[in-house]
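The values are calculated or read from the model by the stated rules, or taken from the named source; none is laboratory data. Bear in mind the structure is a predicted one, so any value in this text is a computation, not a measurement. Please note: Cβ atoms are built from the backbone with ideal geometry, for glycine as well, and neighbour counts cover all protein chains shown. SASA here: full protein model, heavy atoms, side chains in, ligands and nucleic acids out. Shrake-Rupley method; radii C 1.70, N 1.55, O 1.52, S 1.80 Å.
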Amino acid sequence: MPEITEWRDRLWRYRLVGSKCLSCGARYYPPRNSSCIKCGGELVDVELPRRGKLLSYTVIYQAPGIYRFASPYIVGFIELEDGTRLFAMLTDVELDEVKVGMEVEATFRKLYTYGDSGHIVYGIKFRPLVT
Ligand SMILES: [Zn+2]
């Protein structure tokens with residue numbers, strides 16, 4: 001079982017917070033604790049836009065233990081409105097409805113249940129944009 005790290009990870013799990021490089025402007029999600037991998041510059045936390053576009057996706061049929069309950073599920077490669085690219089689970093979309101290029105937005109959902117304690121871990125997923 002993974003270590004429970006919600007307290008440490010709460011910023012990027014509960015809000016869409018990433019890292020921005022003060023030197024070159026590169027953005028990362030989830031946020032990095034070290035320096036920029038492109039230029040070595042200093043990173044600061046930055047709130048990311050909640051909307052983006054689905055660049056690509058894959059369907060996970062053989063999920064790791066904690067996500068087994070959710071399979072099959074879709075993991076999207078998403079570009080946010082500011083150009084930040086990230087991987088995230090998709091929700092509220094069926095396997096035969098998902099399309100490359102679709103507009104998506106961040107939403108707060110259950111990720112998994114932790115061990116036998118029944119402790120539910122929540123976080124960010126993306127869903128088709130609701131207009
Ligand atoms: Zn940089």
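Somewhere in segment 112-120, is a residue among the aliphatic types (A, V, I, L, M), open to solvent by less than 80 Å² (accessible area, probe 1.4 Å) and in a loop (DSSP other than H, G, I, E, B)?
So in segment 112-120, the residues among the aliphatic types (A, V, I, L, M) come out as 120.
If we keep only those that are open to solvent by less than 80 Å² (accessible area, probe 1.4 Å) too, we end up with 120.
Adding the requirement that they be in a loop (DSSP other than H, G, I, E, B) leaves none.
Scanning segment 112-120 turns up no residue that is among the aliphatic types (A, V, I, L, M), open to solvent by less than 80 Å² (accessible area, probe 1.4 Å) and in a loop (DSSP other than H, G, I, E, B).
Does Thr107 satisfy the criteria of being within 26 Å of Arg32 (Cβ to Cβ) and modelled with pLDDT of 95 or more? Steps first, answer last, please.
On the way: within 26 Å of Arg32 (Cβ to Cβ): yes; modelled with pLDDT of 95 or more: no.
For Thr107, the condition - within 26 Å of Arg32 (Cβ to Cβ) and modelled with pLDDT of 95 or more - is not met.
Surrounded by 15 or more Cβ atoms within 10 Å (Cβ to Cβ), over 23 Å from Val17 (Cβ atoms) and of a type outside the set (Val, Ile, Thr), is that true of Met102? Before the answer, list the steps.
Details: surrounded by 15 or more Cβ atoms within 10 Å (Cβ to Cβ): yes; over 23 Å from Val17 (Cβ atoms): yes; of a type outside the set (Val, Ile, Thr): yes.
Answer is yes for this residue.
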